[in-house]
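Worksheet: one structure, shown below.
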Amino acid sequence: MSTETVTSPGTVVSAPARSAVAASARVRTFVVVFSITATVVYVLCDLLGWPLFTYHPATGRLEWGYALPRRNEGPVMYWYGWVLTTAIVSTVVAALATFVPENVTRRIPLFTLWLLPVLAVPIMFWSLMNFWTK
Amino acid sequence: MDFSIFDYITVNTFWTILFIAHALLAVALLGALTHQAVSVLMPVRQAAGANFVTRFRAVQGAGYATAVCVLWVLTFLMGAWIYVKYRTYVRIPIENRGYWKTQGTFELKEHLVTIGLGMLPAYWYLWKNKAPEYGSARKWVTVVLAAFCWYAFLIGHILNNVRGFG
């Protein structure tokens, strides 16, 4: 079933009727906190070097945490470790947030859902300064 | 009898096929997100008898939300798979040639698509709820995701031109 609603002057949005999942206050809290936390944690992982594991693609070796390249074993990859760190931390934080009273979690401003990712762009750009200045 | 796909195709062909699958998924994702972003930035009330641009803007954005999430995840997973090969077979030659800025733009792509992945749960929720309070967040989350997708698509294309898998 589709319905149509005017959400702001000049903006028409057609959307399916709310499902039980989409209507749940706990789901709302989980997804909002997850998305905000994921952006923050991923940026911190990159800036502070927090991979859950390090991958050596030339040999297939996995090491827990942050590891330096080994002699004659090629480069290392931290990105997979950052993604897993981000996924785990965001899931735990979002799950814990669902136990917080709804009147508190409703105060989380929704504009942070897009503003934080936008603010992350110059930070990530800055973190890659080595590439821009070589 | 052991079966190995490399008895039939070369290693480079295998990775090229994976890359093309990744690229095709990205094309579908880019199209869906662009439609949706345009529909929230420049909504139309009546598309009947309109021109191409107006019909492009007139799509029902909510119908794209689940598809965008699925496509983003699939594209991400395919990208994560070929990233292993990329790190040794593509990136090292690029570094040896001194294309540092090109490499940096790809690193930024990797960050943006991961941040975009984290935005998906909220994005999906915002599109599945028609409450007016979500209108602004829905609009800008969609636009930011579309911008990230465009950046990723173009940089991926450029990187493949500089040094592909084949």
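Worth pointing out:
- Residue, farthest from B:Asn12 (Cα to Cα), within the range B:64-100, restricted to residues that are of a type in the set (Gly, Ala, Ser) and buried (at least 18 other Cβ atoms within 10 Å of the Cβ): B:Ala65
- Scanning the range B:104-135 for residues that are modelled with pLDDT of 95 or more and polar (S, T, N, Q) gives B:Thr105, B:Thr114.
- Qualifying residue in the range B:128-136 (condition: more than 8 Å from chain A (Cβ to nearest Cβ) and either in contact (Cβ under 8 Å) with a residue 12 or more places away in the chain or in a helix (DSSP H, G or I) (or both)): no
- Out of A:Val27, A:Val43, A:Val33, sole residue that is within 24 Å of B:Leu145 (Cβ to Cβ), part of a helix (DSSP H, G or I) and over 14 Å from the mean Cα position of the chain (by Cα): A:Val27
- Test: residue in the range B:103-124 that is over 23 Å from B:Leu33 (Cβ atoms) and in a helix (DSSP H, G or I): yes
- Failed item in (1) free of Cβ contacts under 8 Å to residues at least 40 places away in the same chain; (2) in contact with a Cys (Cβ under 6 Å, 6 or more places away or on another chain), with B:Trp124 passing the rest: (1)
- The test for being part of a helix (DSSP H, G or I) and in contact with a helix residue (DSSP H, G or I) (Cβ under 9 Å, 6 or more places away or on another chain) holds for B:Gly156.
- Of the listed requirements (1) buried (at least 17 other Cβ atoms within 10 Å of the Cβ); (2) within 8 Å of chain A (Cβ to nearest Cβ); (3) within 18 Å of A:Tyr80 (Cα to Cα), B:Pro121 misses just one: (3).
- Among the residues listed as A:Gly49, A:Gly81, A:Gly65, A:Gly74, the single one being at positive phi and either facing chain B (nearest Cβ under 10 Å) or surrounded by 14 or more Cβ atoms within 10 Å (Cβ to Cβ) (or both): A:Gly74
The values are calculated or read from the model by the stated rules, or taken from the named source; none is laboratory data. Not measured: the values here are computed from a predicted model. Neighbour counts are summed over all protein chains in view; Cβ atoms, including those assigned to glycine, are modelled from backbone coordinates with ideal geometry.
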